[in-house]
Amino acid sequence: MESTTHTNRVVVSLLIAGFTLIALPISVFSQEETTALDSQVVEVVEVVTAETQAYTIDVLDGDTVVGDFVVGPGKVELSLEPGESEQVELIVTNRTGGLKSFSFDVEDIAGSSDPTLPVTLLGSDRGPYTLRDYISIPHMEFELQHNERAHIPVTVSLPIDAEPTGHYGSVLVSTISRDAQASDESDTSPSSAIKSRIGTLFFITTPGVTDVAGALQSFQTVPESSLFFEGPINFGLVYENTGSVHLNPYGEVNITNMLGDQVGFMELDPWFSLPQSLRTREVQWDREFLIGRYTAVALINRGYDDVVDEMSVTFWVMPWKLMVVLFSGLLIFFLLVRFIASRFEFKRK
């Protein structure tokens with residue numbers, strides 16, 4: 001009797017274990033819940049891969065079609081010790097109006113001697129401050145329906161022998177869509193596909209003895225001129241980074257008139273400058289009615305050691321409409337005086 005009871009218990013245990021093994025994958029790979037993360041999110045779907053690292057997909061409220069996709073954040077700045085790792089989250093939102101497939105690429109980036117090009121993507125080439133081998137993404141490809149937003153984990157891991165310097169790269173999110181003008185579905189040529197890419201910049205700094213050096217190189221009007229006929233007035237600042245880590249200069253521009261009174265002020269938020277590169281920052285004095293002589297002074301903090309560079313530029317603004325009116329008035333007055341002088345004779349008594 002006891003043998004039969006023991007056998008039955010073993011059979012029941014085996015049936016329960018088998019049912020658990022069958023049900024477990026279903027519960028892991030199909031998890032769905034309703035949440036209220038914000039007013040736009042109506043549903044969150046958690047996706048778990050074989051790497052046991054999850055990413056989530058938000059289903060947003062509404063059905064507005066913008067025709068693009070959005071990637072954020074635009075820039076990630078981290079300070080990591082050798083051998084240290086940190087995970088960040090990239091957010092991809094599909095606003096194209098239909099199902100889209102997305103993929104990730106990692107490329108090194110570098111600065112440029114052309115101040116108008118803040119970042120250069122290096123493709124398959126390795127940069128002087130390489131980062132691409134230190135970035136890992138477990139989900140290199142994924143799909144999103146319209147109005148879905150994915151939260152993808154990205155891990156940055158520095159090797160144990162990383163030297164004190166900067167490491168710079170970009171995680172690029174790509175999608176391929178058929179050209180709307182290509183109506184022939186049998187056309188599979190490369191020209192019938194459009195590839196869109198949006199990147200997130202990664203600036204990683206390893207603390208230690210680094211070469212930190214940079215300074216403001218020029219400050220001038222854009223286009224460069226000492227005479228303008230109307231506002232607004234644009235200014236261009238060129239900053240040069242000669243060190244081995246990126247810098248974030250910031251500052252302000254003050255404008256005074258010919259009497260020395262301050263008539264304009266513009267605060268410049270920090271902008272980045274990669275190592276061994278030039279970087280231009282443009283700012284606009286958004287004031288239309290201007291007349292006379294003005295002096296603009298730029299005070300730029302280099303982004304380290306609280307060192308401030310100062311440069312100034314002087315320019316004139318002579319509104320052409322006002323000049324035409326004044327010139328016309330003077331011409332009419334001159335002609336009127338001449339007419340009166342030719343028609344009348346003034347005699348002394």
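The values are calculated or read from the model by the stated rules, or taken from the named source; none is laboratory data. These numbers were taken from a predicted model, which means no experiment stands behind them. Using ideal geometry, Cβ is built from the backbone for each residue, glycine included, and neighbour counts are taken over all protein chains shown.
Residues considered: PRO275, PRO270. Of these, the only one that is surrounded by 17 or more Cβ atoms within 10 Å (Cβ to Cβ), outside any strand (DSSP E or B) and not assigned by TED's automatic domain parsing to the domain that holds GLY169 is PRO275. List the number of the failed condition for ASP211; all other conditions in (1) farther than 13 Å from ALA296 by Cβ; (2) outside any loop (DSSP other than H, G, I, E, B) hold. With (1) farther than 13 Å from ALA296 by Cβ; (2) outside any loop (DSSP other than H, G, I, E, B) applied to ASP211, the lone miss is (2). SER225 meets the conditions (1) in a loop (DSSP other than H, G, I, E, B); (2) over 24 Å from ALA296 (Cα atoms) in every case but one. The failed one is (2).
Got a sec? Which of LEU237, LEU201 is assigned to a strand (DSSP E or B), surrounded by 13 or more Cβ atoms within 10 Å (Cβ to Cβ), touching a residue at least 12 places away in the same chain (Cβ under 8 Å) and assigned by TED's automatic domain parsing to the domain that holds PHE102?
Values: LEU237 fails: assigned by TED's automatic domain parsing to the domain that holds PHE102.
Step by step, each of LEU237, LEU201 is checked, and only LEU201 is assigned to a strand (DSSP E or B), surrounded by 13 or more Cβ atoms within 10 Å (Cβ to Cβ), touching a residue at least 12 places away in the same chain (Cβ under 8 Å) and assigned by TED's automatic domain parsing to the domain that holds PHE102.
Could you please let me know if ARG281 is without any contact (Cβ under 8 Å) to a residue 60 or more places away in the chain and either acidic (Asp, Glu) or farther than 25 Å from ASP114 by Cα (or both)? So ARG281 fails the test.
Taken over the range 225-256, the criterion of being of a type in the set (S, T, N, Q) and farther than 18 Å from THR280 by Cα is satisfied by SER226, SER244, ASN254, THR256. Restricting the search to strands (runs of 3 or more DSSP E) fully inside the range 1-111 and requiring at least 2 residues that are among the hydroxyl-bearing types (Ser, Thr, Tyr), within 23 Å of TYR134 (Cβ to Cβ) and at pLDDT below 85 gives an empty result.
Looking at the range 105-122, can you tell me whether even one residue there is more than 20 Å from the chain's Cα centre (by Cα) and either over 17 Å from HIS246 (Cβ atoms) or among the basic types (Lys, Arg) (or both)? No: zero hits.
Taking the criterion of being at pLDDT below 80 and among the small types (Gly, Ala, Ser), the residues of the range 309-349 that qualify are SER328, GLY329, ALA341, SER342.
Which members of the range 145-161 meet the condition of being assigned to a strand (DSSP E or B) and β-branched (Val, Ile, Thr)?
Of the range 145-161, the ones assigned to a strand (DSSP E or B) are 148-157.
Within the range 145-161, ILE152, VAL154, THR155, VAL156 qualify.
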